Structures are given as structure tokens and as C-alpha cells.
Number of protein chains: 4
Amino acid sequence: MPSSRFLQTPVEPFRVEPGLAPEEILARLERISFQGRNLGVAYRVWRRMLTDRDLTIFLGAAGALSAGGLRLVIAHAIANRYVDCLVSTGANLYHDLHEARGGRHYIGSPRVNDATLQEERIDRVYDTFASEEEFVENDNWIAEFTLTLEPRPYSSREFLYRLGERLWEETGAEGILTAAYRDAVPIYCPAIADSSIGMGIAQARHLRADAAHIDVVADVIESSNLVIASGGTASVVLGGGTPKNFINQAIVEAEYYAPQIDGHRYAVQIVTDVPHFGGASGSTLDEAESWGKVATDAARVTVNADATIALPLIVSALESSAAAIRRERAPAPYQASEGALLRAGRAISAARFDERP
Amino acid sequence: MPSSRFLQTPVEPFRVEPGLAPEEILARLERISFQGRNLGVAYRVWRRMLTDRDLTIFLGAAGALSAGGLRLVIAHAIANRYVDCLVSTGANLYHDLHEARGGRHYIGSPRVNDATLQEERIDRVYDTFASEEEFVENDNWIAEFTLTLEPRPYSSREFLYRLGERLWEETGAEGILTAAYRDAVPIYCPAIADSSIGMGIAQARHLRADAAHIDVVADVIESSNLVIASGGTASVVLGGGTPKNFINQAIVEAEYYAPQIDGHRYAVQIVTDVPHFGGASGSTLDEAESWGKVATDAARVTVNADATIALPLIVSALESSAAAIRRERAPAPYQASEGALLRAGRAISAARFDERP
Amino acid sequence: MPSSRFLQTPVEPFRVEPGLAPEEILARLERISFQGRNLGVAYRVWRRMLTDRDLTIFLGAAGALSAGGLRLVIAHAIANRYVDCLVSTGANLYHDLHEARGGRHYIGSPRVNDATLQEERIDRVYDTFASEEEFVENDNWIAEFTLTLEPRPYSSREFLYRLGERLWEETGAEGILTAAYRDAVPIYCPAIADSSIGMGIAQARHLRADAAHIDVVADVIESSNLVIASGGTASVVLGGGTPKNFINQAIVEAEYYAPQIDGHRYAVQIVTDVPHFGGASGSTLDEAESWGKVATDAARVTVNADATIALPLIVSALESSAAAIRRERAPAPYQASEGALLRAGRAISAARFDERP
Amino acid sequence: MPSSRFLQTPVEPFRVEPGLAPEEILARLERISFQGRNLGVAYRVWRRMLTDRDLTIFLGAAGALSAGGLRLVIAHAIANRYVDCLVSTGANLYHDLHEARGGRHYIGSPRVNDATLQEERIDRVYDTFASEEEFVENDNWIAEFTLTLEPRPYSSREFLYRLGERLWEETGAEGILTAAYRDAVPIYCPAIADSSIGMGIAQARHLRADAAHIDVVADVIESSNLVIASGGTASVVLGGGTPKNFINQAIVEAEYYAPQIDGHRYAVQIVTDVPHFGGASGSTLDEAESWGKVATDAARVTVNADATIALPLIVSALESSAAAIRRERAPAPYQASEGALLRAGRAISAARFDERP
């Protein structure tokens, strides 16, 4: 073996054996190279987050992961406290609601005539189809629900909490919104108006002028206060988009009012965007460090892989290996009361930043 | 020459000559293959949009294009009516404001120690640096500006109009916000809270509880009504993200209330995302057709290229070749009055959808 | 459920459970969307190939998969007849030889000062390091081995067979070259000179003018005859590059001399390149159909994923689920005799194409 | 302006003006960010190469650039000495030959039924079509040409020189092969057998057993000696593949025999592959530095862009701006004599490496 400080830990070629469990596959991947290694590291880092008790673990979910079949994985992660707070696109929540209400998404193909789909009112998401008619019904349902709310501004978090409540009462179905409702796990949706949920809300406004006020500024304040109230933060980000930025912005804003706050202690991103076009979605965790979003000594890893491959594999492995750890974390520390989010019994303000010396 | 319906138009190898103008380069690219061809087609399609008089041309701008050096190209496109409405991330507008206020972005490198940058309070956007201190000043400036507004809800469009107004009065500087203000060209920012502009707004709320209400639902309604009021629409989308979705959602929402509305007649997207991971940013214009976002017979093209290459080249070519066309389009048909957006003297409602039989 | 021919098979959201085996994970992924679905399909298609007895399954391996930790997965696939013929870059074979001879690759990082590595004579492959000194020893070993060969032209297949023989005799080590040698499974390396193996061979030529003649044209003929002699073909391609093209070219060439030959009956590609830049590596299996490389009714799938994630997972699942099937296939039908490749006892010509009416 | 060593050179927003020449566009792009900046830098670096008189500039061309419409750009670069040596895939040379012989490629579409194309014998390269029948004629032409050669081994360089000669005599057509023949500019094709040229050569072998010996090992030796004979090297690489590796391998091999040799002094790569999957095509120029392929102080830049956009733009700009410089470089210093490559009148050995103390 050549002697060099750079040549310390050999790559261990992956050895195929029958009966390997997913956690063993991931452990072996960690000893090889490229994105296999990164996937193995991501599993280990997420597992370590779970042992860091006072941590708030943010999950960012962009893309169309619910339509794509991951809604129950995310719901599972919420219900079992693999994560403490979800930041999502509206699409993921809308498609979750669609299935909770009994709708389905369908196995389709990207090699289809879209003009024909349009005529038959089928909406396509890459290789997945859905009925536009059912989507219109969802929009109406959301509009009707919105009109049941007392006419005042709602943060997206509070709005989604109440939406989850209604959905649970009406359907008793598993899903992201219902799981989050049941444990009062906060969901933020920074671009809620820019989604079919927003379309339903706008249709409520159309029907009643004083309805449907979403106070997205309250989300900014409350999420920063959640960071300040936590004993540290971690992020698991699937894709980029507004969820990734919102989670990081909460840190930056928290640091402004409470300078002792550090960046994330752990950061995992599972992403298919690349950094060299300058977009936030593909930006590296090193770049995030320059902004103070990620702590300099954070355990961090970026996996360049589709979440529909990476997430089921990692969460399946956590489910087998981390059950004991997870039990020590549970239950979720949240409650909702009169519109406020409570963490460990204490209200998190959505009106003013919590300042610290 | 073999006879086949598939073999009709030969590729014309690009021929290098001294003194080629950008419009000639693009015309020659259209006769070759791959993304060069698509770039040439994009130029031609955009040029054709300009001749379609009653059209509303949406420009979607994701990424960090202002920090990346494209803010004056976008401002130029607004001022010269290459586009009629901008939908943008907050980042693009914030970095535009930063430079309008005298700040700069700096040539940097992705191969730098980010821990050092963090210590020196330098924020990195891939290969570009900025001063965090100056960013904090901007945030404060935005907070102060926000506190000058009468305390009521503002659509992002109205908020940004007033922000542009203040910026123009204070600086007289070129830029996106000031150009849009001067011609009352609407800017929508669907995820405004999820940006440094949102941070500034939140800081205003912190200072005064009744300040800083952004009514993102009003944007949804007003933008759909803008579609309904137009004689057709076109989209030029740089990157994906919320701008791309918002522009398309306005069509879908408009179709709900005014079924005679068609999808975009012209659609150009300049994007580096790919479709096969199912995200909206990389979704094809064919997929958009299934949703009715793009008309079945629309002139459409996707260019897989970085906007920092494609946009300066196309707009430079338009500037030389389309000056006459552009003059026939001008001036912009907008006014702002008491918070409302007027198009050709008629107010576009932000409160109710305009229904048509 | 809405009635439409497009809405037949619902996406089944992935359900997390403890103790899922890899084959169960892949079966569930097949029911979701995007690349997770494609990975599940790839597993099923490969499994089906194994039941199609008279098939020749080509494995194409580009990239730096051996340095990256996959050499024993590929060796396992050869030894257990998951594949019947390997087409590889020289790099994969060279790095396999390096480890068979006792060298290692090392866990490194892409965020390192490459000037320092250069000074310390460490060669980097993304996140993996190796000793240049050891590489120089390998080159010399290859040169010495080459000089032991009778001075005449060798196809890359024959050269590599003899290299594997020497390696097995000298080291008795597991690996790609030794596994292929032991079952006489042919390895073609279309760009053998363009690799460190080629450098070693060139150094032999330097030492003796009549040494080291590689007859790459013989590979073209022999591989086409292998197709003609087979009862059908399938391809599993990791990455693109020369291996992908060589496998497909063998079909096209075979069709020229034996027009009854069809394209691959099954085709799996695991690739991170995209089609829209026109390169062969990212080209779709549909495009391959236009050339006759893939049969019109072939079972086919492209997985956009890194092979270091996809291959260990699929082969682990095959190992558990396909053991019985595999036993029916074994053993490999090849022998090597006097430089010729024998399939089922019959020599495959490397000198003339086998013509059929 | 904030004072920091990191904040020295501001980004200059691109300013649109009528009548900008391509060299002015590129100069302005160099002052912005992301890939626009890199494209501007690439232009400047290539321009600087031309002033470094004793340099050998390698051009690597992967992909299907000739089918894609760039064959005359490459031919122009050869004829005008923007480059001194071409390393190419067989595809680029084959498609060049196809057009030189009067065939064409055709504007097609990736959204077509490939089964129909297959039936009509149309071959597709992404959005470009060609006639399979014409391709078969080319193959036969190559086979016939090959049979005219004296039966002995030929390096790919010598084979292609003679092919260019025949093509020029027969067609007098512009193109890569004919331009290279006329100035004796060497073309290496490391994977020549893995292409339709290889298919034609193999068909010659089929017809006559002693024909068609390609000595790829001679290419390795001769190209390294070309490096040793040069006063320094530079590389411009379009895509990755075998051309990229071959150019770099020539440096590594040269360093082995002539240790005073440094890596490339200038390196430009225009690529759409990314580094994080570990493949050579996407590998960074920093990684190349670790191997000694690129000098530590080299002027280097990677542009993440499709060559069909980047190359016509850069060469058009060079054509206007660098005409004077270019004249000082010309003419090409090569001759071909009895199969040998002469540089400045002195034969470059293809049989033994030139050693230096």
C-alpha cells in the first residue's frame, strides 16, 4: 500500500450477496464511489440526525413527489418523526389531497400524443396521468373549505393545518396532510398561491370578497421563530425550488434576530439539478455555507439522484435500522391552538421575531 | 437525393464568415441541429410574437439572472416591449434593487473556501460574490419602504409597482423594477415571501403589526383576468420554478372562467432542467399541451441552454432585426391607478374572475 | 374512478415497511413514477432476459465503474451468467487489473487541491484517489505481458482473454478479467488503445517493433458473428460511450450480412446523459429502433440514474430472486481455443462475416 | 463599495445594443456570470492560444457534430489553423464523408414514430434524419477504398489521411477530411473500428483477409511524439468520449518518456456532461491537473453548453477578431511522406517513443 495522507481508506468493491437488507446495501454503497457513496452517506447522516434529540429536522419537498408515488413515504416520515417540519410545493400537497379524497394518479407514458390527452382532459406529469375533471372537483372542494374559515388572514401553515383537519374528518385517509394534522407537524407552503391549492383559494375569493387571505409573511416570521426555539436544525431537501430556499431563509432570518444561531448541523440534499447554471435548486451545500445557512462543521451530503429512487430506499433502511432511535424521539412536540403553533407547549409567534441578545 | 417524406429539408452546415451579425448567426443555427437549431427557432418564434399585435407576452424569470448579469437585458425587454408582463422569483428583483441602489455583484469563483467567505460575510451565488452587509442594508430599506405603505393587503404586483416607483424616485437608475414602473408593466412574484424581499417585508411586520400584508391570491385572480382581457398569450420562460408555473396557471384558471380561452399561441422555454425527473421546471411544452397551457397548434420550442448564453444573444439579434416591428407594438398599454392595473384604460380586477359565457 | 383508456393502472404509493428485501423494493418502485418506476422496470426486464434461454446478453460498461467500486458486481454478473458478453472501456478493465494485482482505489473528495495531488502523484477520479506510481507499475506489467505474446495481431477479445489468464495464474484474484477468463466469456474493448491498457501495449511496441498488434477490425467481425450465432440478443448498458455503440453496431453489421437478424429483444440502459444534445451516449432506445438496433417490440427501458446506485440494487435483487432461473442458464457456452472464440463448441470467425440468405 | 479581497471586479450587466458583433457579445459575456461568462472566457483563451506560436492545439470532437451541422466549422478551423490536430469519433468523420460525397442530413424531429422510420430505412440522430441506403453506399465506398491500400497496418491517422486524399480527388468537396488532407493536419480516431468507418473497413477484411489492418497502437506512440516535438500543447475539447481521453493520454504518455513535458498550457472544454457521476467525459480540468494532463498554471475553462451553440459563436468571433493573429500562425507545419507524419520537415515516429533525458 502506498503511503500518502490522501490514500487512507480504500474503496471496498460492492459485493453481491443474496438477502441483503436495504440498510446493508446502503452501508456497502457508502464504501464505494460517486453517487452510490453519497446515497450511503445520506442514509448515515439522516440516521445521525435522529439521535440528536433537540434538533428540528426540516424536510423540503419540491417536484411532483405525491403524484409520483412518494406521498406515503413522506407521510410515514412525518408520522414516525423522521422529520419535524415539512416545507412543500403546493403540488405535492394538492396531489396528496387528491388521493386522500379517493382520486388516483395513473401509470402513463411520456411518449403519448398530448393533443389527444388534452381532448380527453387527461393531465400529464411526465409518465403519470390524472383526470382533469377530478382536479376540478378538488379545486371546488378547496374553495368550499376555504369559505368555511372565519374571514381573516391565515399563514399557509395554519391554513394547511385546518385543511388537514377537514380532510381527516372527512376521509380518515392516510397521507401527508392528514399525518401532519394528527401530530400538528407544521407544513409551510411558501408559494401556496402558485398551485392548484391557490386556484381553489382564489375561487373562494371570487365567491366572497373577504375570504381567502393567505398571510405568507406570517410564515416567514413563524418559521424563523421555530428555528430560534429549536436546539439546532437539520435539513433534508428533495429537489430545490421554494422549499429549499424557505428552509435556508428561515436560518438566515433567525441569525439576524438571534445571532447565536448557527446554520444547519446536518444537511442532506437529494437533487438532480447542477450548480453551474447559478440556480438555487442546484446550489451546493458549500455555497449555502457562505451564506451561513449550513454550519461550517455540518455533516452534509448532496446526492445527485431522483428522489423516487433515493427516498424509498433510505426510508426503508431507516425503518429497519432506526426504529429504536425513533422511539426515543417520539412523539412530535407540537400542538395547534387558536391558530397558533405550539412547540413543547409554548406558542411560536407568527407576528414578531423572537430576538435574543 | 433519396425520396422520402422524412427527408425534405437538408441541414445546412454552419459556414463561418467574418462579420456575421447575431441575427445572421441565429438564422444559420436554425438550419443545423440539436440545441443550436432550437436557439435559432426560439429567436424566430419570439420575433413572430412581436408581430402578433394583441398578444400579451409573458416573460418568466427564475434562477439568479440579475446577480448573473442579465438585469439590463430584462429591463431592456420590458422598456422596448419585447415582453408585456414579467413573472419573477424574488431573487431576481432583489438583486436588481441591490444594483439600482448602487450595490454590485462581483466576479468570483466556485472554487473558493466557503468557510472563509462566511467569515468575511461574502455571499456566493455559484461564481459570483456579494456583500452580506449590503444585503442587510437592502433588507432594511425594503422594511422602511414597506412601512410607508398604507396598511392594507397588496398584491405582489401592486407592491412591486410601488417599490419600483420609490426606487425610481430615489435612484433614477435603470433596471427591471424601474423599467416596469415607468411603463406600468406588471411584475408578479408568486413566491415573494420566499426571498430577501420577503425578509424585508417580514421585518416591517415585526416593527408594526398591521403592516406588510401581501395578498398572493389577488395575483392569481388579476393575472387570469389579464389573460382573459388579452387577445391571446405567449410565454418566454427562462428556467422553471414558480414563474413558469404561475404563467401557465393563469391560463388554466382563465380557461375555467372563460372557456373560449386557448393555451399560449407561442411558447419558448430556455431551460437546463430535464423532463424525466417529473419536476415542473423541466417539463416539456408537449406536457403543457395536455393541460391546455399551450395551444395544440402553438409555435413552440425548448432550448436546453443557460439563459446567460441564450438571452443576450437572442435579444441582441432582436434589437437589430426587430426594431421596426417593435415600434409598431409600443407603447405598453398599462397604467396603474389607485392600486389597480389598467390595460388600455380598463381596470383588471384583482378581486373577482372575469367570467365569459 | 374516471373512465378513460388512459387511466387504467393506478400509481401505488410506495409503502414503507421494515424488512423489505431489495426485490420487493424494486417491485414497489415499478408501481410509482419517474426514475423509480424505470429502475423497477429495468429489474423486471433483466430478470425476463434470464428466462429467454438462447439469448446473448451484452453488458456495456462505460465510465470508471471499477475504480468506483462496481468491479465485483460486474464480475459476479459474468460468473453467474447474468450477462454473456462484456463490452467495456479500457479504464474499467485497467482499474480491475489494478485491484486484482493488489492495488486499491481510495475514498477521496472532489473538493481537494488538485495541484497538491499532482505534486504527490495522486490521480483523482471525481471522489476517488489512486497512486500514480502503482499505475506506472501496472503499465509496465502490461507491457511485459504483451511481450510474452507471440508477435501477431490480436483482437481485443483475444488479448483480454490472455491478459485475464495471466492475471488469474499470477493472482488467483476475483475480478472482471479473471471471471471472464475462467468462463471464456468474451470481453470486447473497442477503444483499447485509448486507455492505460493501450499505454502499456504501446510501451511493449516501443521495446519490440513487432509486438503489440491489436486488430480492432477482428472485434467488429467476431462480435457480429456472435450476434448471428445467437438466438437473439439483449443489451444492458451502463453509461454510453464506445461500449453502447459497439453493442449496437454489432447488430447493424449482423443485419447487413444476415438480414433475418432483428434488433435487441430486450434493452436496458442506465445512463445519466440526456438525448437532446445529440450524442450517442444519451440517445434513446426509440432512436436506436430507427436504426434497427432495438426490435420494435422489444422490452426496453432507460433509467436515468448513476450506475453506482442502480447496478448494486438490481443485481442484489436478482441474486435473491433469480437464483433458480440463473441455474437453468448456466454454465457459459464459451471456450477459447487457439485464439478463437467457441460458442457451444463452434468457432466464431473473426476473419469473415457469417452470411445468411 | 465594500472593501474585501473577494469583491474586486464587479459583474457588468450585459447591455443590449443594435449591431453588436459576436466578438463584442462574447467580450460582454465574459463580464457577467455562469456559463455566459465561461463562454466569454473560452473565446479569450482560444484567442490567446493562437498567439502562442510554437503550440500544438488539439481539437477533440465527440458527439455527432458533423450530422449536426458543424463539419464546415471544424473544417474551417483546420484550414485556418485555429487548431493543429484533430481527434475525433468515427461518427464525425463518417458523416463528413457522407456530405462530401454528396449525401445530406435532414431536419427531423425527436417526436416521431421510430418504428415508421425503421420501416422506411431512415436513421435518426436526435432531431436529424439520414437515409440508411446512402449510409450503406458509404460503407461500400469505404470498403472499396480500403481494398485499394497496400495490405499492411495503418495508424488511424495515416488511414484517414489517405481517405481524405481519395475523397478530395474524387469530390473536391469542402469538409473535415479534405481540409485535413490538404494541409496534412493529422486526424486521430482512437475508436475507429467502433463506427461506420470501422464497418466499412471490416467489410473490406471480409472481402480480402490481408486487408484492413488498423494499428491503433501506432496512434498512441505517434501522438505522444507529436506532443514531445511541440513547444507546448493546448486542448479544445467538444464533448468528452475517446477524443478527450486520447488527447490527455498523449500528454501522460509523453511525460513518461520525456519528463520535462508539462500538461496543456491552455485548456477549453465545451461539454454538457457533469463531473459527479465519475465519467471521463464530464471530468473537470482540475481533475485533469491531478493527472498532469493540464498544467497547474494553465489558462483553462469549462463551458457547460451544447457545442452547436458555443462553437459557431466562438469561431465566428475568432474569424473577425483573430484574422491577423491567424495569419502569423499559418501555414500548417505538416507533411505526409511514405506514411509518416512530418512536422516542420521532421518525421514523427509511430514506432518508438522519443525519449528525452
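The values are calculated or read from the model by the stated rules, or taken from the named source; none is laboratory data. No experiment lies behind these values; they were computed from the predicted model shown. Cβ coordinates were reconstructed from backbone atoms using ideal geometry, including for glycine residues, and neighbour counts include every protein chain displayed.
Points to keep in mind about this one:
- When restricted to residues that are assigned to a strand (DSSP E or B) and closer than 17 Å to residue D:241 by Cβ, the stretch D:280-303 contains 2.
- First in the stretch C:86-110 and farther than 15 Å from residue C:124 by Cβ and more than 9 Å from every other protein chain (Cβ to nearest Cβ), second anywhere and among the aromatic types (Phe, Trp, Tyr) and buried (at least 23 other Cβ atoms within 10 Å of the Cβ), Cβ under 6 Å, 6 or more apart: C:87/C:188; C:87/C:246
- Screening the candidates A:112, A:136 for the property of being in a helix (DSSP H, G or I) and of a type in the set (A, V, I, L, M) yields one hit, A:136.
- Test: residue D:217 is crowded, with 19+ Cβ neighbours inside 10 Å, free of Cβ contacts under 8 Å to residues at least 24 places away in the same chain and closer than 30 Å to residue D:356 by Cβ: yes
- For the stretch D:128-154, the set of residues classified as within 22 Å of the chain's Cα centre (by Cα) and over 13 Å from residue D:201 (Cα atoms) consists of D:128 only.
- Checking each residue in the stretch C:17-38 for being surrounded by 24 or more Cβ atoms within 10 Å (Cβ to Cβ) and within 7 Å of chain A (Cβ to nearest Cβ) picks out C:22, C:25, C:29, C:32, C:33, C:34, C:35, C:36, C:37.
- With respect to (1) in contact with a His (Cβ under 7 Å, 6 or more places away or on another chain); (2) assigned to a loop (DSSP other than H, G, I, E, B), the lone exception for residue C:6 is condition (1).
- So residue B:337, is it over 17 Å from the mean Cα position of the chain (by Cα) and free of Cβ contacts under 8 Å to residues at least 12 places away in the same chain: yes
- Boolean, residue D:59 is farther than 25 Å from residue B:320 by Cβ and facing chain B (nearest Cβ under 10 Å): no
- For the stretch C:39-49, filtered to residues that are buried (at least 22 other Cβ atoms within 10 Å of the Cβ) and among the hydrophobic types (A, V, I, L, M, F, W, C), the residue that is nearest to the chain's Cα centre (by Cα) is C:46.
- Residue check for residue D:290: more than 13 Å from chain B (Cβ to nearest Cβ) and either free of Cβ contacts under 8 Å to residues at least 60 places away in the same chain or surrounded by 22 or more Cβ atoms within 10 Å (Cβ to Cβ) (or both): yes
- Considering residues of the stretch C:123-182 that are within 11 Å of chain A (Cβ to nearest Cβ) and at positive phi only, the residue surrounded by the most Cβ atoms within 10 Å (Cβ to Cβ): C:175
- Among the residues of the stretch B:303-337, the one identified as surrounded by fewer than 15 Cβ atoms within 10 Å (Cβ to Cβ) and at pLDDT 90 or above is B:337.
- As a summary of the residue check, residue A:41 satisfies the conditions (1) out of contact with any Lys or Arg (no Cβ under 8 Å at 6 or more places or on another chain); (2) within 7 Å of chain C (Cβ to nearest Cβ); (3) modelled with pLDDT of 95 or more; (4) under 30 Å from residue C:105 (Cβ atoms) except for the one numbered (2).
- Subset of the stretch A:201-224 (residues that are in a helix (DSSP H, G or I), within 23 Å of residue A:149 (Cβ to Cβ) and more than 7 Å from chain B (Cβ to nearest Cβ)): A:203, A:204, A:207, A:218, A:222, A:223
- Residue check: residue D:252 meets all listed conditions (1) part of a loop (DSSP other than H, G, I, E, B); (2) surrounded by 20 or more Cβ atoms within 10 Å (Cβ to Cβ) but one, namely (1).
- Listed conditions (1) crowded, with 24+ Cβ neighbours inside 10 Å; (2) on the phi > 0 side of the Ramachandran plot are all met by residue C:232, apart from (1).
- Restricting attention to the stretch D:50-75, the residues that are part of a strand (DSSP E or B) and surrounded by fewer than 24 Cβ atoms within 10 Å (Cβ to Cβ) total 1.
- Qualifying residue in the stretch C:309-316 (condition: within 14 Å of chain A (Cβ to nearest Cβ), in contact with a Pro (Cβ under 7 Å, 6 or more places away or on another chain) and part of a loop (DSSP other than H, G, I, E, B)): no
- The condition (being under 12 Å from the mean Cα position of the chain (by Cα) and at pLDDT below 95) is satisfied by just one residue among C:63, C:90: C:63.
- Lone qualifier among A:48, A:31, A:37 - being without any contact (Cβ under 8 Å) to a residue 12 or more places away in the chain and touching a strand residue (DSSP E or B) at 6+ places or on another chain (Cβ under 8 Å): A:37
- The set of residues in the stretch C:63-86 being over 25 Å from residue A:313 (Cα atoms) and touching a strand residue (DSSP E or B) at 6+ places or on another chain (Cβ under 9 Å) consists of C:78, C:81, C:83, C:84, C:85, C:86.
- Members of the stretch B:234-263 that are more than 9 Å from every other protein chain (Cβ to nearest Cβ), out of contact with any Gly (no Cβ under 8 Å at 6 or more places or on another chain) and not hydrophobic (A, V, I, L, M, F, W, C): B:248, B:259, B:260
- Residue A:162 fulfils the conditions (1) under 25 Å from the mean Cα position of the chain (by Cα); (2) within 30 Å of residue B:294 (Cβ to Cβ) except for a single criterion, (2).
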